[in-house]
Amino acid sequence: GEDVEQSLFLSVREGDSSVINCTYTDSSSTYLYWYKQEPGAGLQLLTYIFSNMDMKQDQRLTVLLNKKDKHLSLRIADTQTGDSAIYFCAESPNSNDYKLSFGAGTTVTVRA
Amino acid sequence: DAMVIQNPRYQVTQFGKPVTLSCSQTLNHNVMYWYQQKSSQAPKLLFHYYDKDFNNEADTPDNFQSRRPNTSFCFLDIRSPGLGDAAMYLCATRSLQRGQETQYFGPGTRLLVL
């Protein structure tokens, strides 16, 4: 977690957009990921972005990568109650150890 | 269809009584991982296998062991569980195919130590 930082909490109204931010320190990061974890469940891969990309869109999800600032964000459009969960940012360095470094997770609460 | 399967989903053990958690995968991925996740924390990598090559994290206690008898299965053995070992244990796999280097997680096993 020290190499990847996220804000801990986000509250958003149903129907609004959510933006979850993440910063990382390893400039050699090759892949950056967003995982979703619902209570009592494992981690679900939401989306990922390769480091040579600036943006990736997948239905309601938009990932923006600012490699210069080492900043990653996840935007969820039209946030629904089912989006309430913990969202983990993770990065994978360009090495052969195949590890992921996770942030501490952002708890997103969607209110009616 | 479940791709990374963990059994059991909930495990209760007694202080000091050995316990084994299992993970299986249908993805034929080379790499398998075990993570420990405590409440409100990020998953913490315990060890991983690249095929049969075992890689232990430096701060993983000796109390934790792992076995990977074949590509599909991986086990986590906790030799003498303490109260501090109560956590969610997550198994994950990873493809090495270029362009698909993502980790897929199982649903986790929640371990309770009495």
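Within the shell of other residues whose beta carbon sits under 14 angstrom from the beta carbon of A:Lys67, the net charge comes to -1, with Lys and Arg scored +1 and Asp and Glu -1. Using R0 = 30 Å, the C-beta based FRET efficiency linking A:Thr25 and A:Thr109 works out to 0.60.
For B:Met3, B:Met88, the sequence from fewest to most other C-beta atoms within 10 Å is B:Met3, B:Met88.
When only alpha carbons of the protein assembly as shown are considered, Rg and Dmax amount to 17.6, 50 Å. Using alpha carbons only, the radius of gyration of the range A:1-61 set against its Kirkwood radius gives Rg/Rh = 0.96.
This model, with +1 at the C-beta of Lys and Arg and -1 at the C-beta of Asp and Glu, gives the protein assembly as shown a dipole about its Cα centre of some 360 debye.
For the range B:3-61, dividing the convex hull volume of the Cα atoms by the residue count gives 123 Å³ per residue. Using the Kirkwood radius built from alpha carbon pairs, what does the Stokes-Einstein equation give as D for the range A:25-112 at 37 °C and 0.692 mPa s, in µm² per second? D, rounded to a whole number, is 240 µm²/s. Our coupling estimate for the range B:34-49, obtained by passing each phi through the Karplus curve with A = 6.51, B = -1.76, C = 1.60 and θ = phi - 60°, is 10, 10, 10, 10, 9, 3, 6, 10, 6, x, 10, 5, 8, 6, 8, 10 Hz, Gly and Pro reported as x. Restricting attention to chain A, lysine pairs at least eight places apart or on different chains and with alpha-carbon atoms under 20 angstrom apart total 7.
Per Stokes-Einstein, at 20 °C and 1.002 mPa s, what whole-number D in µm² s⁻¹ belongs to the range B:54-100, with the Kirkwood radius over Cα pairs as the hydrodynamic radius? Translational diffusion coefficient: 166 µm²/s. Treating each Cα of chain B as one equal point scatterer and applying the Debye formula with no solvent, the log10 of I(q)/I(0) at q = 0.11, 0.16, 0.20, 0.24 Å⁻¹ comes out as -0.32, -0.68, -1.06, -1.47. Normalised by the residues of chain B, what does the relative contact order come to in percent, with Cα pairs under 8 Å and at least six apart? Across chain B, relative contact order equals 37 percent.
Only the coordinates and a few stated rules stand behind these numbers; no lab work does. The shown structure was predicted, so the numbers you read here are calculated from the model rather than taken from an experiment. Cβ: placed from backbone, ideal geometry, glycine included. Neighbour counts: every protein chain shown.
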